[in-house]
1. So if I check each of Leu259, Leu232, Leu197, which one is touching a residue at least 12 places away in the same chain (Cβ under 8 Å) and within 16 Å of ligand 2 (Cβ to nearest atom)?
2. Going by what's in this entry, would Asp161 be described as more than 16 Å from ligand 1 (Cβ to nearest atom), in contact with a His (Cβ under 8 Å, 6 or more places away or on another chain) and over 30 Å from Gln397 (Cα atoms)?
3. For a quick check of your reading: which helices (runs of 4 or more DSSP H) sit entirely within segment 319-417 and have at least 2 residues that are more than 30 Å from Ile266 (Cβ to Cβ), touching a residue at least 24 places away in the same chain (Cβ under 8 Å) and within 16 Å of ligand 1 (Cβ to nearest atom)?
4. Find all pairs meeting these conditions: Cβ atoms under 7 angstrom apart; at least six residues apart or on different chains; first residue within segment 37-65 and closer than 12 Å to Gly226 by Cβ and without any contact (Cβ under 8 Å) to a residue 24 or more places away in the chain; second residue acidic (Asp, Glu) and surrounded by fewer than 22 Cβ atoms within 10 Å (Cβ to Cβ).
5. Can you find a residue that is within 27 Å of Asp308 (Cα to Cα), surrounded by fewer than 22 Cβ atoms within 10 Å (Cβ to Cβ), of a type in the set (S, T, N, Q) and at pLDDT 95 or above anywhere in segment 24-41?
6. Taking into account only those residues within segment 70-85 that are out of contact with any Gly (no Cβ under 6 Å at 6 or more places or on another chain) and closer than 29 Å to Leu131 by Cα, which is surrounded by the most Cβ atoms within 10 Å (Cβ to Cβ)?
7. Scan Val401, Val323, Val417 and give me the residue that is more than 23 Å from Glu87 (Cα to Cα) and surrounded by 15 or more Cβ atoms within 10 Å (Cβ to Cβ).
Amino acid sequence: MTKQKILTQRFGRMHNPADIQEYMNLAGYDGLRAAVRMDKEQILDELDTAVLRGRGGAAYPAGKKWRHLFESRGDTKYIVCNADEGEPGTFKDKAIIDFDPLNLIEGMTIAGYLFDAHQGYIYIRGEYRHLHQRLEEAMNNARQMNLLGKNIMGIVGFNYDIRIVSGAGAYVCGENSALLNSIEGKTGRPRVKPPHLADVGLYLKPTLVNNVESYANIPYIVKNGGQAFLDLGTKDGGGTKLICLSGHVKNRGMYEVELGTPLHEILYSDEYGGGSSTGRPLKFIHFGGQSGPIAAVEDLKDCVYSYDGMWDKNVTIGSGAIVVMDESVSMIDYLVEVAAFFAHESCGKCTPCRIGTLRVLEMLQKFQQKAGIPGDKERFDAMLTHITQLSACGLGQSASVAIFSGMKACPEEFEDVIDTREKEVQEVMW
Ligand SMILES: Cc1cc2nc3c(=O)[nH]c(=O)nc-3n(C[C@H](O)[C@H](O)[C@H](O)COP(=O)(O)O)c2cc1C
Ligand code: SF4
């Protein structure tokens, strides 16, 4: 059965993906053309009907976010695209920018029209340097065709342009408020929320921050209607999702799947993962990047890849990363790498995250050596809980997600991490 594609429909079909004419020949700019003929309320209604959940990781409904900004007071509003793509195992935003940059630009231009915004920003990770050129070329072509700039499409007062800002490689700068600070030229550290960015955002003005994949869905929704989008997914989240398969599966890569696809199909069918690449059974999966949960493959047998379907199994879609590990991988070794990532990326603003992530790493390294002392498991549990509850931003709040869920997925690996000989020594000493 041919599967419906939204985001990858033009991939590989254009000689030059930055060329406007080629893009238009494949239905490009149909969404913007439809948007300028629609009542603005109707655009928001279509977005509500579509149930587009944010594709950056938090799955916040775009309809709600857009309506909040629409109702927010202010003459100046900003449109910001989060192209930081900092979650390890995630490589789908770069594919959109590389193979269909005008789809992103069109989505952001529809937002510019809806909110009467004059300036948009794409915050892109520094490592994607070659993609800056792709975007610049696409935007220059759009300017020449009067699809960016002043009086777009001849509509008086529709003035909107986009700038690119390059990140310097800090994971925390993908957090939306840290990202805005970074665009402003400040240190990329998260802000205290509330206020919501739709009220007080970039340069203290109401601001929309969405992920690349979220914007890239907008032209389709506006052109085809929210119901068509919803029909492709499930009632808790419409559309398709770009997934990034890596690790011990045969066919690693990026795929567009309809939400509601069985996870088993994603892992084992030849169309997607193709099963284990090593011949060994698959052991566990890490979903949505380092901040996402882990589950044992055997606990995911009838799992459906949709927002609610994943939630039923205590996992989440997050950014769309699916890192698959076979039975040769020790859970503790894996979690040491995750903990090292958070200890390295903590911005240091608040103590539970700055110090706690380091202590968690040290404790896991002790467990790795089977050198824990009595009481360490309880201390470890308390540390993880404190970091989750007391950290100021999503980085610290999610630093324990993989560790808690990883311990639950493979409890037997944590059974003998305490060196009981230590206890005897201690008793003698006391
Ligand atoms: C530490 C951290 C890193 C993040 N990195 C990214 C990122 O690289 N890309 C992204 O789109 N969202 C990232 N997010 C989520 C953003 O804060 C925000 O929720 C998202 O850009 C909103 O867009 P969406 O609603 O379209 O998903 C990150 C969040 C945190 C806490
Ligand atoms: S939780 Fe961590 S990353 Fe977030 S503000 Fe605090 S120290 Fe910085």
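1. Working: Leu259 fails: within 16 Å of ligand 2 (Cβ to nearest atom); Leu232 fails: within 16 Å of ligand 2 (Cβ to nearest atom).
Residue meeting the stated conditions: Leu197.
2. Working: more than 16 Å from ligand 1 (Cβ to nearest atom): yes; in contact with a His (Cβ under 8 Å, 6 or more places away or on another chain): yes; over 30 Å from Gln397 (Cα atoms): yes.
In short, yes.
3. Details: elements: 331-345, 351-368, 376-390, 394-397, 401-409.
Fully inside segment 319-417 and qualifying: 351-368, 376-390.
4. Filtered contacts from segment 37-65: Gly63/Asp48.
5. Applying the first criterion (within 27 Å of Asp308 (Cα to Cα)) to segment 24-41 yields none.
Checked against the condition, which is being within 27 Å of Asp308 (Cα to Cα), surrounded by fewer than 22 Cβ atoms within 10 Å (Cβ to Cβ), of a type in the set (S, T, N, Q) and at pLDDT 95 or above, segment 24-41 yields no hits at all.
6. Our first condition is that a residue be out of contact with any Gly (no Cβ under 6 Å at 6 or more places or on another chain); within segment 70-85, this holds for 70-78, 80-81, 83, 85.
From what is left, the residues that are closer than 29 Å to Leu131 by Cα are 76-78, 80-81, 83, 85.
Details: Thr76: 15, Lys77: 24, Tyr78: 25, Val80: 26, Cys81: 31, Ala83: 29, Glu85: 24.
Restricting to residues being out of contact with any Gly (no Cβ under 6 Å at 6 or more places or on another chain) and closer than 29 Å to Leu131 by Cα, the top hit is Cys81.
7. Details: Val401 fails: more than 23 Å from Glu87 (Cα to Cα); Val323 fails: more than 23 Å from Glu87 (Cα to Cα).
On inspection, the qualifying residue turns out to be Val417.
The values are calculated or read from the model by the stated rules, or taken from the named source; none is laboratory data. This is a predicted model, so every value here is computed, not measured. So basically every Cβ, Gly included, is an ideal-geometry build from the backbone, and we count neighbours across all protein chains shown.
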